[in-house]
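Here is the structure we will look at.
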Amino acid sequence: MGGHNIFPMGRPSSSVKVLPEPEVLYLPLHSGRFTFSELAVREGERVSGGDLLAKDPDNYAVPLLAPRTGTVRLKSAEKHIVLEDVAELEEHAHVGADEMPHIVREMGASGIKRYKLLALGAWQFFYDAYTGALPDPLGKPQAVVVSTVSLEPYLARGDAQLQEKLLNFTRGLEHLQSLLEYEPIYLIMPHVKSEFATQVREQIRGYAWAKLTEIPLKYPYDNFNILARALGLKRNNGPIWAVRTEGVLAVDRALTSTKPCTSRIITVGGPGVDSPAHVKVVTGYPIKKILDTYVSVSAVRSINGGLFTGEPLGAEDLGVDAECRGLTVVPELEGREFLGFVRPGSDRRSYSGCFLSSLRDRFSERSTTAMRGEDRACVACNFCEEVCPAGIMPYLLHKYLYRELIEEAEEARVDLCVRCGLCSFVCPSKIELRREFVEAQELIKKEKEDAQQQVAEEKVE
Ligand code: SF4
Ligand code: SF4
């Protein structure tokens, strides 16, 4: 299995900064997994913090909640709900009491808790470990994986999010356990013997259901799919819920205080940031305001997410979305380096080990958007296969997908790709391998859904 020890410049410190209250919020109607297409508000309506703004009908009606009091504007920014005249007044919880009797009948107390998690915005922090999708909140998992580890450079770290919140975290774990029968909770730690792990262990002493598990501190061993496989949890034994530190804290907030979960700790990191940090923001917080505070260089590329798995932010992305874990800012390399090919490269690194830096000890490197190499066809170096933690052949998949041979790509198991982005990172030809595989997976999924729907329709006829 692959794994990569990456040590770049611009990693955020563990202290958490609170940003000034915004006057306007831009709540994106799309994020990685969600499309909040079912609007619940009208133009000009005044809403309070915690009110329902919209739902995603294809994801168990997961809600987009108003993080603050404000006036709704639906047309002032495309693909966003804008809240103007924002104020931080008392928030309230929208838990739709009318739906409760039906859930109590079917699932009892655990059903109410699950419904609260969904309605208060805590459920969006959950993933199906194998598919990455939102799991069914009323489903029965075979196990829960809770990860406090974040290995992708520049994304929010569990230890930073846990500062002074250890009690909330253990309470959140207890709530999680109360949703289960006897299924285990695997608690993923950076070092089982670290001070952090000792503190957690002290708190959960006597909880036989929580299994502390250590993982190698190499990217991408924190990937949920890889974790599930490493724990020996088989996909066909039922869903595996996976959640990170912030999700457990959200569970505590929803179930202990019955409060909406609309704020999160994200990172502002990367070599383009003046002082990389963790910051606490609400959904919809203006991205420009964050970047103006932390970035002074003008030629940069901003990414929603981490260096390997994030997506570049465009001018149309105005606010922090409902799933954001960090903003990564990388300087644009403008123009070519003069006689760059004769530089021995003691300050730059490449997976190929072709620079002098391969003789140095591990060092902190300043990345730019100009990754090693240049745009060109695959040179069959095989680096992508060497680093791939899924054991597939990225270059072969690329060959098939380049020729639109989707069935061949399916046979070569593009479905096993865990979207870690390591192949794109090491590729000296700068081929966007990860993006190709994500698109192929989405296409195959859609084709299968369409085929199933067609069969269902034919049966009805
Ligand atoms: S093919 Fe997928 S799993 Fe393998 S390195 Fe690339 S992104 Fe990661
Ligand atoms: S790393 Fe890039 S150039 Fe090398 S084999 Fe893979 S796709 Fe081809």
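Taken together, the values in this text are just the output of simple stated rules run on the coordinates, not laboratory data. Bear in mind that the values here come from a model prediction, so they are computed numbers and not experimental data. Glycine also receives a Cβ, built like all others from the backbone with ideal geometry; neighbour counts cover every protein chain displayed.
Summary of packing: across the peptides 376-384, 182-190, the per-residue average of other C-beta atoms within 10 Å ranks them, highest first, as 182-190, 376-384. Considering the dipole of the chain built from charges on the beta carbon (Lys and Arg +1, Asp and Glu -1) around the Cα centre, which of W123, T262, S194 is farthest to its positive end? The listed residue farthest towards the positive side: S194.
Ranking N237, G284, C324 by how far each Cα lies toward the positive end of the dipole of region 189-327 (charges on Cβ) leaves N237 at the top.
Computed from label points 7 Å out along Cα-Cβ, the spacing between D136 and E332 is 4.8 nm. Under the classification rounded if a/c is under 1.5, otherwise prolate if a/b is larger than b/c and oblate if not, where does region 99-240 fall, given a ≥ b ≥ c as square roots of the Cα gyration tensor eigenvalues? Cα axes put region 99-240 in the prolate bin.
Counting 0.36 nm for each residue step from S14 to L74 and taking away their Cα separation leaves a gain of 17.9 nm. For a straight C-alpha distance cut-off of 15 angstrom, the aspartates and glutamates reachable from K55 (same-chain residues fewer than eight places away being disregarded) are E38, D321, E323. May I ask for the distance between the Cα centers of region 246-323 and region 398-432, given as a whole number of Å? Using only Cα atoms, the two centres lie 29 Å from each other.
Which peptide among 137-144, 58-65 comes first, and what is the full order, when sorted by highest mean count of other Cβ atoms within 10 Å?
Numbers: 137-144: 18.4, 58-65: 20.5.
Those peptides, ordered most packed to least, come out 58-65, 137-144.
Could you order peptides 279-287, 413-421 by the average number of other Cβ atoms within 10 Å of their residues, highest first?
Details: 279-287: 23.0, 413-421: 19.9.
Result, highest mean Cβ count within 10 Å first: 279-287, 413-421.
Between the helical axis of 100-119 and the longest alpha-carbon principal axis of the chain there is an angle of about 40 degrees. Here R419 and H191 are evaluated by their C-beta separation; at R0 = 25 Å the FRET efficiency comes out at 0.40. Shape class for the chain: rounded, because the ratio a/c of the largest to smallest gyration tensor axis (alpha-carbon atoms, square roots of eigenvalues) is under 1.5. Our estimate of slack between L405 and V460, defined as 0.36 nm per intervening residue step minus the Cα-Cα distance, is 16.5 nm. Seen against the Cα atoms of the chain and their longest principal axis, helix 166-178 is set at about 70 degrees. Summing charges over neighbours of Y285, with a neighbour being any other residue whose Cβ is under 15 Å away from its Cβ, gives -1 when K and R count +1 and D and E count -1.
Straight-line reach from K459: taking Cα to Cα under 23 Å and skipping same-chain neighbours fewer than 8 places apart, the lysines in range are K445, K446, K448. Bridgeable lysines around K211 (alpha carbons under 18 Å apart, same-chain partners fewer than 8 residues away excluded): K193, K234. For G132, neighbours were defined as the other residues whose beta-carbon sits under 10 Å from its Cβ, and their charges (Lys and Arg +1, Asp and Glu -1) total +1.
Dividing the helix sum by the residues of the chain, where each DSSP H run of 4 or more adds -39500 (n - 2.57), gives a mean residue ellipticity at 222 nm of -8000 deg cm²/dmol. The angle between the Cα long axis of helix 245-257 and the main principal axis of the chain comes to about 10°, on a 0 to 90 degree scale.
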